[in-house]
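Participant: Can you keep this structure in mind? I'll have questions shortly.
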Amino acid sequence: MLIENYKSAYLASLEAAERIATQISNAQEKNENFVLGLATGSTPINLYQELVRMHKREGLSFQNVHTFNLDEYCGLRKTHMESYYYFMYEHLFSHIDIPTKNIRIPNGMLQENDVHNYCLDYEFQISELGGIDLQILGIGSNGHIGFNEPNCDVESITRKTELSQSTRNDATPSFGRLSCVPTQAITMGMQTILNAKEIYFLAFGEAKKDIVETALTKEISIEVPASFLQTHNKCTAFLDQYTCIKN
Ligand code: GLP
């Protein structure tokens, strides 16, 4: 795990975006696809904004990019402002030239009978494209990644899962009240995430300071799913002035 401390979340986001753009362009020059795993939440917003800026001002093209989002709430329509589908179009997809067919966001509106095959197909699509080249990742306040909550299965793949009480509490301000927060989500699994060839882990702000320190410097435990990032052979942590970890 490579730990990189930045003076601010903004500067960390610019650097991550710059490196992603370089990887996309390098793949383009070789006529190759670039498979990007995407996260939602407030953390990657500046990164997406910078990618949009580079597309508009510097001609960065996303024609060769395929994306897979980490997760989606169950029971929210695409038009719901808290759905991750809505989030991704608002912050990234509406502003870049990625072909619509290259965008994959888990469908949270499936019939129960369809969930199993849908999740297997999500995994299949990832492997058919040769795996995720780069996964962007944030962290929940309880240490979750995607919606892989504490004490989930380390071997898990894409599936439907229950949200923990603390995750639902964290989401309450955005939804207005707790009863409006979904109780389930479709999420890539721990294995899906850890199988990515490279991971950019972004964690910013005072509220994340303790959980980031626990995840990145303490023992690896499924009570803190993000601690498994320590086992990945190409994971870079982009930290800010609050979450920074001194060597
Ligand atoms: C949600 C998402 C995670 C994200 C987390 C943190 O739980 N499923 O992928 O990392 O929120 O969000 P934020 O960046 O807003 O702190």
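Participant: How much length, in nm to one decimal, is gained on full extension between Cys180 and Glu213, taken as 0.36 nm per residue of separation minus their Cα-Cα distance?
Facilitator: Here the answer is 8.7 nm.
Participant: Binning at 10 Å from 0, report for the chain what percent of all alpha-carbon pair distances ends up in each bin.
Facilitator: 7, 33, 39, 19, 2
Participant: As a test of the definition: which semi-axes, in Å, follow for the stretch 1-96 when you take the square root of five times each eigenvalue of its alpha carbon gyration tensor? Largest first, please.
Facilitator: Output for the stretch 1-96: semi-axes of 23, 18, 13 Å.
Participant: Check the straight Cα-Cα distances from Lys218 and name the lysines below 30 Å, setting aside those fewer than 8 residues away within the same chain.
Facilitator: Of all the lysines, those that pass the test against Lys218 - Cα under 30 Å, at least 8 places apart if same chain - are Lys7, Lys160, Lys197, Lys208, Lys209, Lys234, Lys246.
Participant: Now, a different point. If the chain between Lys7 and Ser127 were fully stretched, how many nm would it gain, using 0.36 nm times the residue separation less the Cα-Cα distance?
Facilitator: Taking Lys7 through Ser127 to full extension adds about 39.5 nm, to one decimal.
Participant: While we're on this one: Can you tell me how the stretch 64-137 classifies by the Cα gyration tensor, rounded, prolate or oblate, using a/c under 1.5 as the rounded cut?
Facilitator: Oblate, since a/c reaches 1.5 and b/c is not below a/b.
Participant: Could you derive backbone 3J(HN,Hα) for the stretch 128-134 from the dihedral phi with the Karplus parameters 6.51, -1.76 and 1.60 (θ = phi - 60°), listing whole Hz in sequence and x where the residue is Gly or Pro?
Facilitator: Residue by residue, the stretch 128-134 yields 4, 8, x, x, 7, 6, 9 Hz.
Participant: Compare Glu128, Glu123 by solvent-accessible area with a 1.4 Å probe and give them largest first, with all protein chains kept in place.
Facilitator: Reading off the accessible areas and sorting them downward yields Glu128, Glu123.
Participant: Further, regarding this structure: Can you give me the accessible area per residue for the stretch 1-92, using a 1.4 Å probe, in Å²?
Facilitator: About 48 Å² of surface per residue is accessible.
Participant: Tally up the carbon and sulfur contribution to the accessible surface of the chain as a whole percent, 1.4 Å probe, everything protein left in place.
Facilitator: 47
Participant: Suppose we keep just the alpha-carbon trace of the stretch 116-247; what are its Rg and Dmax in angstrom?
Facilitator: 15.0, 45
Participant: How much solvent-accessible surface does Glu198 expose, in Å² to the nearest 10, with a 1.4 Å probe and all protein chains in place?
Facilitator: Surface open to solvent at Glu198 totals about 20 Å².
Participant: May I pose another question? May I ask you to work out the translational diffusion coefficient for the stretch 32-83 at 20 °C, viscosity 1.002 mPa s, via Stokes-Einstein with Rh from the Kirkwood sum over Cα pairs, reported in whole µm²/s?
Facilitator: 166
The values are calculated or read from the model by the stated rules, or taken from the named source; none is laboratory data. Quantities reported herein were computed from a predicted structural model and do not represent experimental measurements. For accessibility, only protein heavy atoms count, side chains too; no ligands or nucleic acids. Shrake-Rupley method; radii C 1.70, N 1.55, O 1.52, S 1.80 Å.
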